[in-house]
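Engineer: Before anything else, here's the structure in question.
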Amino acid sequence: MELSNLNKKNQLKMKALTLFILILTCLVAYFCKELDFFFAQLFFNDETFFLKDHLALKIIFKSATLPGWIVGITCLFVLVFPFLSPSLKVIKRQILFLLLSLIIGPGLLVNVLFKDHWGRPRPVQTLDFKGKQEYVEFYKPQFSNPYPSKSFPSGHASMGFYFMSFIFLGRRVRNNQLKRLGYGLTLLLAPLLSATRIAQGGHYFSDIWMSGVIVYFTCLLLDWYLLKNFHNSSSGSKSFSAW
């Protein structure tokens, strides 16, 4: 198959996936309360979230975001000290893509812009789960909420979804190993962190979903802005593998 045809096929797949995600997001918004309560009640026994203090969940809460931080620090280190890698000039944009996906997605958008200002109460803070605040759908910001309410979106889950950036990069440079690594880490860490935070009463399902959506569109826009000139070239694959 010619490279131009391959590019068109990949673009169609990406457009279809993006449309599918948008449709699912509309459905999540429409059935927001039902979905949120269904998943939250799986871990609630009429008095408390019975797994919130479980040792295993505490360990996951503390450690499962480390892979993302390791990748981010490594990328920053390589960019700051370029002499450590002779092939850096070729892959600088790819490394920058991985770093910016982390800084902008889970960092600035999820944890700074939304979480610190949106004002959505966590499950443990709502009346339905023995808290003191009313349940609020994720699409109804409470900017003047006097209580420290940081349920939307999920910062921990976003660190699991971050590894979608590896899938985007692997697709661009035609590196199947990188894509498989991205799929593996995303499918492992995103559900693990998501289930942990729901079980602890820290987030609703919709918080988790929207974290994934925010990270996905961050990667999508950065992919278009930084990597569009690679055009899935084989040279990009070789350069990244060599590094």
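Read-outs throughout are calculated quantities, based only on the coordinates presented, and are distinct from any laboratory measurement. This structure is a prediction, so every number in the text was calculated from the model and none was measured. Reconstructed Cβ throughout: ideal geometry from the backbone, glycine too, with neighbour counts over all protein chains shown.
Engineer: State, as an integer percentage, the relative contact order of the range 77-228 based on alpha-carbon contacts under 8 Å between residues 6 or more apart.
Structural biologist: Values: 221 pairs, mean separation 43.2, N = 152.
Reported as a whole number, the value is 28 percent.
Engineer: Short version: ³J(HN,Hα) in whole Hz for each residue of the range 213-219, in order, from phi by Karplus 6.51 cos²θ - 1.76 cosθ + 1.60 (θ = phi - 60°), x for Gly and Pro, what are they?
Structural biologist: Once rounded to whole Hz, the list reads 5, 4, 5, 4, 6, 5, 5.
Engineer: If you don't mind, there's one more thing I want to ask. When the chain is modelled as a GNM with alpha-carbon springs shorter than 10 Å, which of LEU127, LEU181, LEU35 fluctuates the most?
Structural biologist: Sorting by GNM fluctuation, first place goes to LEU127.
Engineer: If amide hydrogens are placed 1.01 Å from N in the peptide plane, which non-local residues have theirs closer than 5 Å to the one on GLN133?
Structural biologist: Here THR126, LEU127 satisfy the definition.
Engineer: Full extension from LEU24 to ARG93: what is 0.36 nm times the residue separation minus their Cα-Cα distance, to one decimal in nm? Can you show the working numbers first?
Structural biologist: On the way: separation 69, 0.36 × 69 = 24.84 nm, distance 3.17 nm.
Roughly 21.7 nm would be gained on extension.
Engineer: Further question on the same structure: Taking θ = phi - 60°, what integer Hz values does the Karplus form 6.51 cos²θ - 1.76 cosθ + 1.60 yield along the range 97-111, in sequence order, with x for Gly and Pro?
Structural biologist: Per residue, the Karplus-derived 3J(HN,Hα) values read 4, 5, 5, 5, 4, 6, 5, 7, x, x, x, 5, 6, 6, 8 Hz.
Engineer: Here's something else I'd like to know. For ARG122, what residues show an amide H to amide H distance below 5 Å, using hydrogens built from the backbone and excluding near sequence neighbours?
Structural biologist: Amide H to amide H, under 5 Å and 5 or more residues apart or across chains, ARG122 pairs with LYS150, SER151.
Engineer: Once label points are set 7 Å from the Cα along Cα→Cβ at both LEU76 and TYR183, what is their separation, rounded to one decimal in nm?
Structural biologist: Label-label distance for LEU76 and TYR183, simple model: 3.2 nm.
Engineer: Here's something else I'd like to know. Under unit Cβ charges (Lys, Arg +1; Asp, Glu -1), what dipole magnitude, rounded to 20 debye, does the chain have relative to its Cα centre? Don't skip to the end; give the middle numbers.
Structural biologist: Details: 26 positive and 12 negative charges, 220 e Å.
The dipole of the chain has a size of about 1060 debye.
Engineer: Oh, and also: Which ³J(HN,Hα) values in Hz, rounded to whole numbers, follow from the phi angles of the range 57-73 under the Karplus curve 6.51 cos²θ - 1.76 cosθ + 1.60, where θ = phi - 60° and Gly and Pro get x?
Structural biologist: Once rounded to whole Hz, the list reads 5, 5, 5, 4, 4, 7, 10, 6, 8, 4, x, x, 5, 4, 4, x, 5.
Engineer: Amide H to amide H under 5 Å from GLY202: which residues, 5+ apart in sequence or cross-chain, H placed 1.01 Å off N in plane?
Structural biologist: Here the answer is none, since no amide H 5 or more places off falls under 5 Å of that of GLY202.
Engineer: While we're here: Return the single residue from ILE95, ILE23, ILE167 with maximal mean-square fluctuation; model: Gaussian network over the chain, springs between Cα atoms under 10 Å.
Structural biologist: Answer for the Gaussian network model of the chain: ILE23.
Engineer: Calculated FRET efficiency, LYS62 and LEU42, Cβ-Cβ r, R0 30 Å, to nearest 0.05?
Structural biologist: Values: r = 23 Å, r/R0 = 0.76.
Using R0 = 30 Å, I get an efficiency of 0.85.
Engineer: Now, a different point. Mind checking the full-extension length gain between LEU12 and LYS132? Use 0.36 nm per residue of separation minus the Cα-Cα distance, one decimal, nm. Before the final figure, lay out each step's value.
Structural biologist: Values: separation 120, 0.36 × 120 = 43.20 nm, distance 4.74 nm.
Taking LEU12 through LYS132 to full extension adds about 38.5 nm, to one decimal.
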